[in-house]
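Written below as structure tokens is the structure these notes are about.
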Amino acid sequence: MKYLLIMQVNQEILDALSEDERKLVMEGHGEFMKTIQDSGEFILTQALADPANSTVVSGTGGTPAVTDGPFIEAKEFMGGFYLIDCESKERAIEIAKLIPDTRVKGLSIEIRPVMFSCGADL
Amino acid sequence: MNVNANANGNASASVSGEIEDLLRSLAPQVLGTLVRRHGQFESCEDAVQEALLAASVQWPEHGVPSSPAGWLITVAGRRLTDQWRSEAARRERELTVGMEPPPQDEPSRHVDDTLRLLFLCCHPKLSAPSQVALTLRAVGGLTTAQIAHAFLVPEATMAQRISRAKQTIKGAGFPDGPERLPAVLQVLYLIFNEGYTATSGPDLQRVELATEAIRLAREVHRLLPGDGEVAGLLALMLLTDARRGTRSADGVLVPLAEQDRDRWDRARIEEGVALVTGTLPKGPPGPYLVQAAIAAIHDEAPSAEETDWAEVLILYKILDRIAPNPMVTLNRAIATAMVHGPAEGLALLATLDGDKRIAGHYRLAAVRGHLLDLAGEHEQAREHYRRAARLTLSLPEREYLLRRAQRQLPVG
């Protein structure tokens, strides 16, 4: 079963991290990736740039409208994701707990099952 | 062209690095010659590929032939003939062409063919990413997998892009004049920049791309030694690349002023400086040469403090006149601040705020942060560093900017 582990981040919390904490998180991701690569459950990961870099194409009922970001009102946004393939939802939760973000108060990982997959390398 | 893909295969276990290098450097002229004679980029490329494979098996065993390029052209030409033989309707005409004697006596033709191949890959119908991909593949001899890896896209995506590019230029003949030279230089510069400062991703540099761009620029310079912009671009690459080893530490960017100058590559600096000083007197300089001259001043300064900023500022003013763009203005603002103080630099930056091309670019925020720091406005500087950190797509750069934002500042 494929799951998307969505890293929900919050700019204020990221800004408040000390250099050492940031380093721990970054190194933690490396370690995490190695773990799930070794277990064969890793498919891919993408870290997304800040929403300040976003452009939104939205439906208007006519010609789509193109607007620049940042557009989020919410404090939390999707910072990136891991796509994994594992045995069960329980295992997905276990894997999510290995992601270093879950050691930082205020950050979270959303686990969502995949319904359909298609891609060059999948 | 997949000489490198071979590196792990059985056939090439015995291929010495020397033969591999030789094959890679011969590949573009062999392909260029075949495309000039027969057109049909795609089938020529397949034929060259097979010839290279044959060479990588035969040469280590039987020795390198006296005319390696001629050997490859003959073998590849024979493959093409074989292919055409099966197409009955074409048989007669194509056989005549395919049976031409091996062109071992036209080395100057080969040289032109390499350059024309480069021009062909930079066909105006192709988008810049396709020009880059096709150049790296046909002229650089990189495998599709290597190019895909360097640009962080799946191999299938890159294969598609290259195949579409080949389709697009299918019927295109070799261009005659050098009118595509600016596009070629731009493509080489794009390749270099992608290698030197990856636009995104975890690694600050992709060394192979920078090295490949320098190799190709050297080749173009060898073919067109009298062109000032070619010399300028090569010099710019060498002078920039000379600082490569000191640009990051533990995944964090180290700015020019804080780099360990003793570790800069002296040989590259000397070569670059010689190119600049040898080319500058020959006439009004183009943008690449002016940028190379600026890089030369930085590289030759014994320390950041001893940099001749007045000279740098003059050169940026020239650059802003001959090739105006907001990035040049941005750099001119730094030089202005170093010569006339941060207030004047900030005033020049303010002129960029309404410029859509750069207003949302992290570099503008980063430079503003830097100049505000110089002006003693540390709180405001932090804010701009944070903004820059959010906007950049490079992890080492982001880490550097976040550290600047959090740095303990001297009181008062």
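The values are calculated or read from the model by the stated rules, or taken from the named source; none is laboratory data. Nothing here was measured: the structure is a model prediction, and the numbers come from that model. No Cβ is skipped: glycine too gets one built from the backbone with ideal geometry, and neighbour counts run over all protein chains shown. The protein model used for the area step is the full one, side chains on, heavy atoms only, and it has no ligands, DNA or RNA in it. Shrake-Rupley method; radii C 1.70, N 1.55, O 1.52, S 1.80 Å.
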Mind checking which of B:Leu117, B:Leu330, B:Leu352 has the largest fluctuation in a GNM of chain B, springs on alpha carbons under 10 Å? B:Leu352
Cβ-placed point charges (K, R +1; D, E -1), dipole of the protein assembly as shown about Cα centre in debye, nearest 20: 1120
Let me spell out the model: positive unit charges on the Cβ of Lys and Arg, negative unit charges on the Cβ of Asp and Glu, origin at the Cα centre of the range B:16-59. What dipole size does that give, in debye rounded to 20? 220
Are there residues in the range A:81-122 whose accessible area shrinks by at least 30 Å² when all protein chains are included rather than the chain by itself, and which are they (probe 1.4 Å, ligands and nucleic acids not counted)? A:Ala120, A:Asp121
Angle, helix B:309-322 long axis vs. longest principal axis of chain B, Cα atoms, 0 to 90°, nearest 10? 60
Rounded accessible area per residue of the range A:2-113, 1.4 Å, Å²: 60
For the range A:2-113, with all protein chains present and a 1.4 Å probe, just round the carbon and sulfur fraction of the accessible area to a whole percent. 54
Checking B:Ser303, B:Ser130, B:Ser25 against a Gaussian network model of chain B (alpha-carbon springs below 10 Å), the top fluctuating residue turns out to be B:Ser303
Ranking by accessible area, most exposed first, for B:Leu256, B:Leu216, B:Leu374 with a 1.4 Å probe: B:Leu374, B:Leu256, B:Leu216
Going toward the positive end of the dipole of chain B, with +1 on Lys and Arg Cβ and -1 on Asp and Glu Cβ, which of B:Ile334, B:Ala347, B:Pro28 do you reach last? B:Ala347
Using a 1.4 Å probe on protein heavy atoms only, how many Å² of accessible area do B and A hide from each other, summed over both chains and rounded to 100? 1100
For the range B:338-411, the fraction of alpha-carbon pairs in successive 5 Å shells from zero, as %: 3, 18, 27, 23, 18, 9, 1, 0
Taking the Cα centre of chain B as origin, sum charge times position over the Cβ atoms of Lys and Arg (+1) and Asp and Glu (-1), and report the length of that vector in debye to the nearest 20. 1140
Provide the solvent-accessible area of B:Asp250, counting protein heavy atoms only and rolling a 1.4 Å probe, rounded to the nearest 10 Å². 150
Rounded Å value of the spacing that divides the Cα centres of the range B:358-412 and the range A:25-93: 26
For the range A:47-62 the residues that are at least 10 Å² less accessible with all protein chains than alone, 1.4 Å probe, are A:Ala49, A:Asp50, A:Ala52, A:Asn53
Note: A:Val57 to A:Ser39 extended length (0.36 nm per residue) minus current alpha-carbon separation gives 2.6 nm
Using a 1.4 Å probe on the protein chains only, how many percent of the accessible area of the range B:338-411 belongs to carbon and sulfur? 52
Output needed: percent of Cα pairs per 10 Å distance bin for the protein assembly as shown, bins running from 0 to the one holding the longest distance. 3, 14, 23, 23, 19, 12, 4, 1, 0
With x for Gly and Pro, the residue-by-residue ³J(HN,Hα) of the range A:3-10, computed from phi through the Karplus equation 6.51 cos²θ - 1.76 cosθ + 1.60 at θ = phi - 60° and given in whole Hz, is 10, 9, 9, 8, 8, 8, 10, 9
In the protein assembly as shown, with Lys and Arg counted as +1 and Asp and Glu as -1 at Cβ, which of these residues, B:Thr277, B:His298, A:Ala65, has the Cα nearest the positive end of the dipole, that is, farthest along it? A:Ala65
For the range A:18-118, report the % of Cα-Cα distances exceeding 20 Å. 52
Excluding ligands, DNA and RNA, the carbon-plus-sulfur percentage of the accessible area of the range B:16-59 with a 1.4 Å probe reads 46
Which residues, if any, in the range B:357-392 lose at least 10 square angstrom of accessible heavy-atom surface (probe 1.4 Å) when the other protein chains sit next to their chain rather than the chain being alone? B:Arg386, B:Arg390, B:Leu391
Report Rg(Cα)/(2.2 N^0.38 Å) for chain B, keeping two decimals. 1.12
Across the range A:95-105, in residue order, what do the Karplus-derived ³J(HN,Hα) couplings come to in whole Hz, using 6.51 cos²θ - 1.76 cosθ + 1.60 with θ = phi - 60° and x for Gly and Pro? 5, 4, 5, 7, 6, x, 4, 6, 9, 9, 4
Across A:Leu107, A:Leu17, A:Leu83, the residue with the highest GNM fluctuation in chain A (Cα network, 10 Å cutoff) is A:Leu17
Under a 1.4 Å probe, what is the accessible area of chain B per residue, stated in Å²? 46
Helix B:207-223 axis, angle to chain B major axis (alpha carbon atoms, nearest 10°): 70
For the range B:290-318 and the range B:110-146, distance of Cα centres in Å: 33
Which listed residue (B:Val139, B:Leu80, B:Val220) has the Cα farthest towards the positive end of the charge dipole for chain B, taking +1 on Lys and Arg C-beta and -1 on Asp and Glu C-beta about the Cα centre? B:Leu80
Inter-centroid distance (Cα atoms) of the range B:25-64 relative to the range B:216-264, Å: 32
